[in-house]
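The values are calculated or read from the model by the stated rules, or taken from the named source; none is laboratory data. Quick caveat, the model's predicted, so the values are computed rather than measured. For neighbour counting, all protein chains shown are included, and Cβ atoms are generated from backbone atoms with ideal geometry for every residue, glycine included. Note: areas computed on protein heavy atoms with side chains; ligands, DNA, RNA excluded. Shrake-Rupley method; radii C 1.70, N 1.55, O 1.52, S 1.80 Å.
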Amino acid sequence: MIAPVVMILAGIVGADGGTDAGTDAGASAVAGYDYLRTQTGVDSGVYLAWATRNIGYKIGANGSDDMAPASAQQAIRDSFASWSKERISACTSELTFTDLGTNPSPVLNGTDRVNNIFWVESGWTSNAGHSASAIALTTNSFYASSGEIIDSDMEFNGQYFTFTIVDGGCSGVKQDVLNTAPHEIGHVIGLAHP
């Protein structure tokens, strides 16, 4: 069996101008579209994609220290719903997402084929080795030869950022889950930064 490649695709970087801990070196524009698809390597011509059009995910049971777990979990569900074919258009998105419940002990593991979404409240830089300025990161595991994504884990930096849910307006210094999560879901489905 061929071992999958694990790649931190991208992250949202805080306003302090820190360096993005992710990489979009394999990003490639597709003429006529307002998005970039991630390639398995620079100019490889092999793009990341799921073999299935229904992607399941599990949300960390503890949610964020900044809000009730149920609120954090619902914000993640709402963010996935914003990418689904029912919300975008059946003509432009064939994707559906299935909430597989909560995970009491989610971990970043690119080979377990469990798409975990969770907050890291301590050890963001020391244990995970991430940049303190990254608000969130998505790590995809895929086969380099085909680009097939087999696992995607999303981490929110709860150690250095405070999260909230904002229904319109600004949140000041807090990070809006309903803004951050949809961005990261774009990486889950194989999209890159321009």
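Restricted to region 19-56, and to residues that are hydroxyl-bearing (S, T, Y) and outside any loop (DSSP other than H, G, I, E, B), which residue is modelled with the highest pLDDT? Out of the qualifying residues, it is Y47. Counting only residues that are at positive phi and open to solvent by 50 Å² or more (accessible area, probe 1.4 Å), how many does region 101-114 have? Residues in region 101-114 being at positive phi and open to solvent by 50 Å² or more (accessible area, probe 1.4 Å): 1 in total.
Residues checked against (1) open to solvent by 70 Å² or more (accessible area, probe 1.4 Å); (2) of a type outside the set (A, V, I, L, M, F, W, C); (3) modelled with pLDDT of 95 or more:
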{"position": "T96", "(1), (2), (3)": "no, yes, no"}
{"position": "D99", "(1), (2), (3)": "no, yes, yes"}
{"position": "N116", "(1), (2), (3)": "no, yes, yes"}
{"position": "G129", "(1), (2), (3)": "no, yes, no"}
{"position": "A144", "(1), (2), (3)": "no, no, no"}
{"position": "M154", "(1), (2), (3)": "no, no, yes"}
{"position": "D167", "(1), (2), (3)": "yes, yes, no"}
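Of the residues making up region 104-137, those that are within 20 Å of Q73 (Cα to Cα) and either in contact with a Cys (Cβ under 8 Å, 6 or more places away or on another chain) or not in a loop (DSSP other than H, G, I, E, B) (or both) are N116, I117, F118, W119, V120, I135, A136, L137.
The criterion of being at pLDDT below 95 and part of a strand (DSSP E or B) does not hold for I185. Screening S133, S122, S71, S64 for residues that are at pLDDT 90 or above, polar (S, T, N, Q) and exposed (fewer than 12 other Cβ atoms within 10 Å of the Cβ) leaves exactly one candidate, S122.
Taking the listed residues I185, I135, the one that is of a type in the set (A, V, I, L, M) and touching a strand residue (DSSP E or B) at 6+ places or on another chain (Cβ under 7 Å) is I135, with no other qualifying. Contact map, region 40-65: residues that are touching a residue at least 12 places away in the same chain (Cβ under 8 Å) paired with residues that are open to solvent by 20 Å² or more (accessible area, probe 1.4 Å) and acidic (D, E), Cβ distance under 6 Å, separation 6+ or inter-chain. Pairs shown: A51/E148; R53/E94; D65/E121.
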